[in-house]
Every structure is written in C-alpha cells, then in structure tokens.
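Student: Please find one structure pasted underneath; my questions will follow.
The values are calculated or read from the model by the stated rules, or taken from the named source; none is laboratory data. Keep in mind that what you see is a predicted model, and the values were worked out from it rather than measured. Don't worry about glycine lacking a Cβ; one is built from the backbone with ideal geometry, like all the others, and counts go over all protein chains shown. Only protein heavy atoms, including side chains, enter the accessible area calculation; ligands, DNA and RNA are left aside. Shrake-Rupley method; radii C 1.70, N 1.55, O 1.52, S 1.80 Å.
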Amino acid sequence: MAEVYHGAMTTAAAELETEIRRLRIRIISLTTAQLDEAASPAPSRRAAIREALTEFSQIGSDARPVPALGDQNLADQVVVLLEHGQRSAQSLPEPDRENRIVTLTEAAVRLRRTLA
C-alpha cells in the first residue's frame, strides 16, 4: 500500500515542481510595465503575485509574513515559498501531505493563469 501512495505522491510533487518552473519563467519574463498591468481581480500583476505569496505562506509556512521585496525578487520568493511548502508537507501524515501539495499546486496554477 505504501508503494502505491509513494507513486501518487511523486506525481503530485512532480505537478507542483512543473508549476514552480512555469511560474518562475513567467514572472522573470514580465517587464515592469507588464507587472503594472491589471490582472483581474488584482489591480496589477505585481499585486496578484504578492497576494499569491501571502496565500503560499498561509498554506505551507504557518502564515509567516512575506517581505515586500523588489520586482527582481518576486520569482525567487514564489519559488522559495512553494518549495518550502512542498518540503514542509513531507512531515505531515499521508492524507494531509497530499492535500497540502494539491492545494499549493492549485494556488500556483491560479497565479499562473492570472499572469497570462
């Protein structure tokens, strides 16, 4: 039974890692003008990213405050918070572990779609 779960966990983790890579590339490619553009429902893509950082922290980092760093750090902050959430999930019991990874992945997908 553990073998089957491990396989499912690997798939969920792989999906999150794929989203992390996609977001990193997407955020790095945004210019300052593009960061200023509206991203419904946020007033700007920058604001959408900062809101997502707070959400990622709530899910995987005990809602620790996220510092407002410059635009050049946004992609790094996204990566760090998502990877930390993924690592912190490893200490949880199996159903909670998968739920946390799926929740992080869903949040990452929402951000990526908002930034499109």
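Student: For the chain, build the charge dipole from Cβ charges (+1 Lys, Arg; -1 Asp, Glu) around the Cα centre, then report which of 86, 13, 32 sits farthest towards its positive end.
Tutor: Among 86, 13, 32, the one farthest towards the positive end of the dipole of the chain is 32.
Student: With unit charges on the beta carbon (Lys/Arg positive, Asp/Glu negative), name the residue among 60, 101, 77 whose Cα is farthest towards the positive pole of the charge dipole of the chain.
Tutor: 77
Student: Accessible area per residue of the chain at 1.4 Å probe, in Å²?
Tutor: On a per-residue basis, 57 Å².
Student: Which ³J(HN,Hα) values, rounded to whole Hz and listed in residue order, are derived for region 30-36 from phi using the Karplus coefficients 6.51, -1.76 and 1.60 in 6.51 cos²θ - 1.76 cosθ + 1.60 with θ = phi - 60°, glycine and proline given as x?
Tutor: 6, 7, 4, 4, 5, 5, 6
Student: Between the helical axis of 94-115 and the dominant principal axis of the chain, each derived from Cα atoms, what acute angle in degrees is found, rounded to the nearest 10?
Tutor: The two axes meet at around 20 degrees.
Student: What is the helix-to-structure angle for 74-89, meaning the angle in degrees between its Cα long axis and the longest Cα principal axis of the chain, kept from 0 to 90 and rounded to the nearest 10?
Tutor: Roughly 20 degrees, rounded to the nearest 10.
Student: Could you give the length gained by full extension between residue 83 and residue 47, i.e. 0.36 nm per residue of separation minus their alpha carbon distance, to one decimal place? Show your work: numbers first, answer last.
Tutor: Details: separation 36, 0.36 × 36 = 12.96 nm, distance 2.09 nm.
Between residue 83 and residue 47, full extension yields 10.9 nm more.
Student: When the helix-only estimate is applied to the chain (DSSP H runs of n ≥ 4, each -39,500 (n - 2.57), divided by the residue count), what is the mean residue ellipticity at 222 nm, nearest 500 deg cm²/dmol?
Tutor: Here the helix-only value at 222 nm equals -25000 deg cm²/dmol.
Student: FRET efficiency for residue 113 and residue 64, Cβ-Cβ distance as r, R0 = 30 Å, nearest 0.05?
Tutor: 0.75
Student: Quick one: pull the percent of accessible area on the chain belonging to carbon and sulfur, 1.4 Å probe, ligands and nucleic acids left out. Please list the in-between numbers first.
Tutor: Details: 3570 of 6600 Å².
With neighbouring chains kept in place, the figure for the chain is 54 percent.
Student: What full-extension length gain, to one decimal in nm, is calculated for residue 94 and residue 40 as 0.36 nm per residue of separation minus the Cα-Cα distance? Intermediate results must be reported in sequence, preceding the final value.
Tutor: On the way: separation 54, 0.36 × 54 = 19.44 nm, distance 3.49 nm.
Here the segment from residue 94 to residue 40 would lengthen by 15.9 nm.
Student: Okay, next question. Translational D (Stokes-Einstein, µm²/s) of region 9-116 at 10 °C and 1.306 mPa s when Rh comes from the Kirkwood sum over C-alpha pairs?
Tutor: 115
Student: Need one word for region 64-110: rounded, prolate or oblate. Basis is the Cα gyration tensor (sqrt eigenvalues a ≥ b ≥ c); a/c below 1.5 gives rounded, then a/b vs b/c decides.
Tutor: prolate
Student: Placing unit charges on C-beta atoms (Lys and Arg positive, Asp and Glu negative, everything else neutral), compute the dipole magnitude of the chain about its Cα centre in debye, rounded to 20.
Tutor: That gives a dipole near 340 debye.
Student: So, counting K/R as plus one and D/E as minus one, what does the shell of residues with Cβ under 14 Å around residue 68 add up to? Provide the component values of the computation, followed by the final result.
Tutor: Numbers: positive: 46, 50, 64; negative: 51, 71, 76.
Local charge sum for residue 68: 0.
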